[in-house]
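The values are calculated or read from the model by the stated rules, or taken from the named source; none is laboratory data. Because the structure is a prediction, the values reported are computed rather than measured. Positions of Cβ are generated from backbone atoms using ideal geometry, with glycine treated the same way; all protein chains shown enter the neighbour counts. These accessible areas exclude ligands, DNA and RNA; they are computed on the full protein's heavy atoms, side chains included. Shrake-Rupley method; radii C 1.70, N 1.55, O 1.52, S 1.80 Å.
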Amino acid sequence: MALVIRELCSKEETAWNNFVGAMTAGTFFHLAGWRHIIERSFGHRTCYAFAEQDGVIAGILPLVHIRSLAFGSRLISVPFCVYGGPLAADPQTARALSEYSIELMKRVGANLVEFRMREPECEGWQTRSNLYATFRKPIATDPAKNLKEIPRKQRAVVRKGIENGLRSQISQDTDRFHRIYAESVRDLGTPVFARRYFRLLTDHFRDCSEILTVIDDDKPIAAVLSFFYRDEVLPYYAGGTPRARQRAANDFMYWELMTRSASRGAQLFDFGRSKFGTGSFAFKKNWGFEPQPLHYQYSLRPGHSIPDHNPLNPKYRAMIGAWKRLPLPLANLIGPAVVRGIG
């Protein structure tokens with residue numbers, strides 16, 4: 001039978017997720033659950049398509065249509081996520097899904113299609129490999145071995161956090177997490193997500209998510225929301241108060257997460273993406289993780305170019321500086337409306 005491409009419906013989500021789990025390149029961000037979270041959190045239209053042959057899924061493509069006055073009309077696989085793009089059993093199916101995305105771009109009037117890939121796979125598409133890198137590294141079950149793998153200077157900071165008497169708690173307390181996270185991203189000049197987004201994430205992915213909070217003198221000063229998929233742990237959203245930096249709490253937090261994750265069977269620590277030339281990029285390198293460039297690929301409508309929404313772009317410098325000075329309640333009020341269009 002010929003390959004047929006259809007949009008995903010709820011009754012097919014289990015088969016979709018099973019296909020993701022069976023593919024070596026499948027990631028946590030390919031899972032069907034992101035469709036509901038993005039729709040309910042941001043109101044964007046999702047276009048989750050799959051290729052079927054002989055009644056069996058042969059490939060999937062999670063797409064989201066973002067329309068924004070500030071950032072334009074875009075089809076992204078997958079916004080608010082690190083990885084995405086088509087996942088297919090063979091090159092023919094991958095090409096069919098890519099062609100489907102281009103036809104959908106024309107149909108919905110988007111300016112571009114963006115695939116967030118670990119490896120470039122779409123021949124003829126424009127590729128940007130100099131913006132983000134991801135940091136992934138195996139971890140051992142033995143904490144002493146993991147500690148030894150951390151470079152000497154960073155290892156000393158981790159030990160400082162341990163000696164400061166910090167402790168960690170595991171919970172699903174998204175309100176406490178949001179208070180810490182919101183202050184942290186405001187201080188970086190970045191708009192914050194709404195509390196609702198984190199509640200939806202932890203509700204839907206309850207069996208594979210947790211929040212680790214660092215406590216100092218009974219006060220929460222740092223926290224990280226992590227996801228567990230296959231044998232990997234992904235610390236995805238994190239923040240710390242100004243006191244966290246003084247007490248080496250962020251360093252202690254990731255060490256605690258690494259140790260706890262290894263004890264529950266995780267074998268790979270995915271530190272997530274960071275932009276080249278940023279403080280978070282340097283921080284992850286200091287842990288001994290080697291950056292692996294991400295290859296974001298684009299199909300563009302005539303007259304359009306790859307967008308440059310990088311906060312390192314000089315045109316955003318004044319805006320970022322102003323955001324850092326916003327009172328926290330105001331930043332929390334208007335931040336979700338801004339971040340909705342960024343993706």
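Can you list which of the GluC sites (Glu not before Pro) found in segment 94-186 are DSSP loop residues with at most 15 other C-beta atoms within 10 Å? In loop regions of segment 94-186 (DSSP not H, G, I, E or B), the sparsely surrounded GluC sites (Glu not before Pro) are 123. Rounded if a/c is under 1.5, else prolate if a/b beats b/c, else oblate: with a ≥ b ≥ c from the C-alpha gyration tensor eigenvalues square-rooted, which is segment 1-94? Prolate, because a/c is 1.5 or more and a/b exceeds b/c. In terms of its alpha-carbon gyration tensor, segment 193-279 comes out rounded; the largest-to-smallest axis ratio a/c stays below the 1.5 threshold. Shape analysis of segment 145-214 yields a ratio of the Cα radius of gyration to the Kirkwood radius, Rg/Rh, of 1.07.
Within the chain, the longest run free of trypsin sites (Lys or Arg not before Pro) that sit in a DSSP loop with at most 16 other Cβ atoms within 10 Å is 1-229. Secondary-structure-derived ellipticity at 222 nm for the chain, considering helices only, amounts to -11500 deg cm²/dmol, per-run term -39500 (n - 2.57) for DSSP H runs with n ≥ 4. Compute a Gaussian network model of the chain, connecting alpha carbons closer than 10 Å, and tell me which residue from 253, 105, 23 fluctuates the most. Among 253, 105, 23, the largest mean-square fluctuation in the Gaussian network model of the chain belongs to 23. Which of 46, 93, 278 moves the most in a Gaussian network model of the chain with Cα springs under 10 Å? The residue with the greatest mean-square fluctuation here is 278.
Determine the per residue accessible area of the chain with all protein chains present and a 1.4 angstrom probe, expressed in square angstrom.
Working: 15770 Å² over 343 residues.
Accessible area per residue: 46 Å².
Judged by the ratio a/c of the largest to the smallest principal axis of the C-alpha gyration tensor, the chain counts as prolate, that ratio being 1.5 or greater while a/b is larger than b/c. Reachable aspartates and glutamates from residue 275, Cα under 19 Å, same-chain residues fewer than 8 places away excluded? Within the straight-line cut-off, residue 275 pairs with 114, 119, 187, 290, 308.
Of interest is the spacing of the C-alpha centroids, which for segment 14-32 and segment 280-343 amounts to 27 Å.
Just the protein heavy atoms count here, and of the accessible area of the chain at 1.4 Å, carbon and sulfur take up 51 percent.
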